[in-house]
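Here's the structure we're looking at; comments come further down.
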Amino acid sequence: TPNTAHKIDGGAAPKARLNADALALLPAQVGRPSYERRAVSTGIVHLGVGAFHRAHQAVYTDDLLARDPNWGITAASLRNPDTRDALGPQDGLYTLLVRDGAGDAPRVIGSITRLLAAPDDREELLRTMADPGVRIVSLTVTEKGYCHRPSTGELNEDHADIRHDLENPHAPRSAPGIIVEALLRRRKAGAAPFTVLACDNLPSNGRVAKRVIARLAALRDAGLGAWVESELAAPCTMVDRIVPATTDADRARVAEALGVEDAWPVTAEPFSQWVIEDRFPTGRPAWETVGAEIVADVEPYENMKLRLLNGSHSIMAYLGYLMGYETIAEAASDETLAALVGAYMDNEATPTIAVPAEADVEAYKRALFKRWRNPALRHRTWQVAMDGSQKLPQRLVAVARERLAAGAPIDASALGLAAWMRYATGVDERGAPIDVQDPLGPRLRAIADAAGPVAERLAPAMIGVREVFGDDLPRDPRFVEAVTRALARLYDRGAAATVAAYGGA
Ligand code: CS2
């Protein structure tokens, strides 16, 4: 898999490694921290140190550290030590390669000053989170990392990690479990809680985070639960930047530009947006001085982004994959698929969005096509297709539900959902296996195997997955019929012909 750490082997002429000593020797055109890294103290602990965090929040904070050295990041992986092992020897430094058609702009980011991996460094992580100098714990743990029930937003108390954390409260492994244990230690020490800053693509991500944390805290101890309920702030955020998984070709490109090896650079599009609800009782960095938008209510921004960008992304991922497109850029450049996505946005998603007063939704949609068609990004349809069961509820399902409530048609969302079902069978249109990555993957596969390739059986069975469709949609014949019809077409004609005939069929 491309998104794993790269072993630097001692080949014929191994290059030196990126680290603090190498900074001064980098070619002049390579950006680098303008501040004294040794003077930076830790104000933020980040959980989930994937490519997205490193290409988004860590970059804003890198800009900020030039003005205020109190917000260095200690970043922890929750499961896998790969990032710590790759960046540890680099003093936390890594390269961000911003890509568009015009070329690549490499920049070394220095805001992550320490790396931990929870399985090995759990005590050190908890100790750092309990330090009153740490005022923010931010998270990018993906949708499934919240251990919530997507259809209700409540803690999934049957989740294996949550059960583990209730049985082993001092050695937690889930993000909510780690946060609750750290909060317990702070409370014992008489310290205020840190602010929890959720940065995943979930609607009301802060509210979801607070709910699961408060519930888990209450299950451990009623007093702790009440304290978390009244004291913990968890503002909502909207995060946006397209960040494909790093490939070996990216590593080679970075090594060439830097003259030293970077075991794990990240790549991203030029566009970046971060909208943050202003609720930080113990203080926050002045992120608005480095491009973030601090607002009173994030929800309109979240829905606009989740339903337009992410909803369309999912349509292009499933249909694009079935049509044989490897990247989102190829899928978005197919005229028939672009027309379908345009119809989805204009006729189905836009009417459900309370557009923020200062936003120009038409310009936003035009800009999206340009971003998706970025020829240099190579964002794989397979990557966006991952974890559909966790992503679709707030993307296409939410749009379809609201349109049905308004008595409006849902053809495009239904086709996107049918394409997900077709993809989740695990076999493509030529009979080749699909590597379906989804926490519900095995269950979806079992449903598909039991139903067989028959839309009239498969669609209702998939719609019965309540985590995705709730209790209401399986009982709505308009929904079941629209999805079944779309899936029948996918089986009869294939994805390319179905998309081409969309609108006329
Ligand atoms: C994508 C997102 O993988 C996905 O599901 O839709 O990661 C998308 O690239 C980001 O949300 C863009 O901000």
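Taking into account only those residues within region 383-394 that are within 8 Å of the ligand (Cβ to nearest atom) and not hydrophobic (A, V, I, L, M, F, W, C), which is nearest to Gly153 (Cα to Cα)? Ranking the qualifying residues of region 383-394, first place goes to Lys391.
Taken together, Ala329, Ala339, Ala296 contain a single residue that is small (Gly, Ala, Ser), under 30 Å from Gly31 (Cα atoms) and either within 12 Å of the ligand (Cβ to nearest atom) or surrounded by fewer than 23 Cβ atoms within 10 Å (Cβ to Cβ) (or both), which is Ala329. Selection of region 346-382 for residues being over 25 Å from Pro300 (Cα atoms) and surrounded by fewer than 19 Cβ atoms within 10 Å (Cβ to Cβ) yields Arg373, Pro375, Ala376, Trp382. Here Asp120 qualifies as over 30 Å from Ala367 (Cα atoms) and either surrounded by fewer than 18 Cβ atoms within 10 Å (Cβ to Cβ) or not basic (Lys, Arg) (or both). Against the conditions (1) more than 19 Å from the chain's Cα centre (by Cα); (2) over 21 Å from Thr83 (Cβ atoms); (3) among the polar types (S, T, N, Q), where does Ser151 fall short? Just the number, please. Failing condition for Ser151: (1).
Number of residues in region 466-505 that are in a loop (DSSP other than H, G, I, E, B) and under 24 Å from Leu337 (Cβ atoms) equals 5. If you go through region 401-433 and pick out every residue that is surrounded by 15 or more Cβ atoms within 10 Å (Cβ to Cβ), assigned to a loop (DSSP other than H, G, I, E, B) and aliphatic (A, V, I, L, M), you end up with 1. For region 23-34, the set of residues classified as closer than 17 Å to Asp62 by Cβ and either of a type outside the set (Ser, Thr, Tyr) or buried (at least 17 other Cβ atoms within 10 Å of the Cβ) (or both) consists of Leu23, Leu26, Val30, Gly31, Arg32, Pro33, listed by residue number.
Yes or no: region 279-292 includes at least one residue that is in contact with a Pro (Cβ under 6 Å, 6 or more places away or on another chain), touching a residue at least 12 places away in the same chain (Cβ under 8 Å) and not acidic (Asp, Glu). Yes: one or more hits. The set of residues from region 18-75 being within 16 Å of the ligand (Cβ to nearest atom), in contact with a helix residue (DSSP H, G or I) (Cβ under 7 Å, 6 or more places away or on another chain) and either more than 23 Å from Asp131 (Cβ to Cβ) or small (Gly, Ala, Ser) (or both) comprises just one member, Gly48. Considering (1) among the acidic types (Asp, Glu); (2) closer than 18 Å to Trp71 by Cα; (3) under 19 Å from the mean Cα position of the chain (by Cα), the lone condition that Glu143 does not fulfil carries the number (2). Among the criteria (1) among the aliphatic types (A, V, I, L, M); (2) closer than 26 Å to Gln273 by Cβ; (3) outside any helix (DSSP H, G or I), the one Val397 does not fulfil is (3). Taking first residues from region 241-255 that are within 15 Å of Arg107 (Cβ to Cβ) and partners that are surrounded by fewer than 18 Cβ atoms within 10 Å (Cβ to Cβ) and acidic (Asp, Glu), the Cβ contacts under 7 Å between residues at least 6 apart in sequence or on separate chains come to Arg253/Asp104.
Has region 231-240 got at least one residue that is acidic (Asp, Glu) and within 16 Å of the ligand (Cβ to nearest atom)? Yes, region 231-240 contains a residue that is acidic (Asp, Glu) and within 16 Å of the ligand (Cβ to nearest atom). Only residues that are buried (at least 23 other Cβ atoms within 10 Å of the Cβ) and part of a helix (DSSP H, G or I) were counted in region 225-240, giving 1.
Please note which helices (runs of 4 or more DSSP H) are completely contained in region 74-192 and include at least 1 residues that are touching an Asp or Glu at 6+ places or on another chain (Cβ under 6 Å) and charged (D, E, K, R). So that I can check it myself, show each step before the final result.
On the way: elements: 82-87, 118-130, 160-167, 175-188.
Here the list is empty.
As a summary of the residue check, Asn156 satisfies the conditions (1) closer than 18 Å to Asp438 by Cβ; (2) touching a residue at least 40 places away in the same chain (Cβ under 8 Å); (3) polar (S, T, N, Q) except for the one numbered (2). Can you report the number of residues in region 241-278 which are within 15 Å of the ligand (Cβ to nearest atom), assigned to a loop (DSSP other than H, G, I, E, B) and β-branched (Val, Ile, Thr)? Of the residues in that region, 3 qualify.
The numbers here are math on the coordinates, done by the rules we state, and not lab data. Bear in mind the structure is a predicted one, so any value in this text is a computation, not a measurement. Counting neighbours? That spans all protein chains shown, and the Cβs are built from the backbone with ideal geometry, glycine included.
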